[in-house]
Amino acid sequence: MSGPVVRSPSKCLTATRDTAHETVAELAAASGVVALCLSEDSDTVEVADRDGWLRSMHHGAVLVNHGTGLPQAARELAQLAAAHGADVVDAPVSGGHAVAVARQLTTMVGGDQSAMERVTPVFETDSRPWQRPLAPGRTAASAEDRTGR
């Protein structure tokens, strides 16, 4: 896996003050919510566990996994996070670029109810959150991909 990708902030974030951090650990420690959207389950685990996000996140912080992968991987990530006192919200997205620009993505949210409630306002800025238990969000995304709905 290559290093982190830094993208320009979206228009909705232009009024938001930002702070640069020297390391992933510093950024994770300063964040109440960390969202990852990686294409492979193994990359998500590598960034979250081996690169230090989970070790550095404060107790009660939420790691959001926007990638679309296997339900077992979502459960494994939740177990890793629990060992560090963080919560995981499994939240694959569906829609594509035009839908994202229109802020109409569908986010299939699964996880601990309290963690889902804490991050739902974030999801509501660009999507229509649809809540389900942990990992079935991924199952729903897989079913949607197969059915085209």
Distance-filtered residues of segment 81-100 - backbone nitrogen under 17 Å, label point 7 angstrom along residue 120 Cα→Cβ: 88-92
The answer for residue 86, listing residues at least 5 apart or on another chain whose modeled amide H is closer than 5 Å to its amide H, is 60
Please list, in chain and number order, the residues 5+ apart from residue 109 or on another chain whose amide H is under 5 Å from its amide H, with Hs placed from the backbone. 130, 131, 132
In nm², what is the average projected area of the convex hull enclosing the Cα atoms of segment 31-130? 5.7 nm²
Can you run phi through the Karplus equation (6.51, -1.76, 1.60; θ = phi - 60°) for segment 63-70 and list ³J(HN,Hα) in whole Hz, with x for Gly and Pro? 9, 9, 9, 8, x, 10, x, 7
For segment 26-93, the percent of accessible surface on carbon and sulfur atoms (probe 1.4 angstrom, ligands and nucleic acids excluded) is 52 percent
What does the extension gain come out to for residue 82 and residue 113, with contour length at 0.36 nm per residue minus their alpha carbon separation? 9.7 nm
Taking amide hydrogens as modeled 1.01 Å from N in the peptide plane, which residues meet the under 5 Å criterion relative to residue 35, leaving out close sequence neighbours? 64
Whole-number Å³ per residue for the convex hull built on Cα positions in segment 73-113: 83 Å³
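The values are calculated or read from the model by the stated rules, or taken from the named source; none is laboratory data. Please read these numbers as outputs of a predicted model, since none were measured by experiment. We place every Cβ from the backbone using ideal geometry, glycine too, and count neighbours over all the protein chains shown. Ligands, DNA and RNA are stripped out before the accessible areas are found, and what is left, the full protein with its side chains, is counted by its heavy atoms. Shrake-Rupley method; radii C 1.70, N 1.55, O 1.52, S 1.80 Å.
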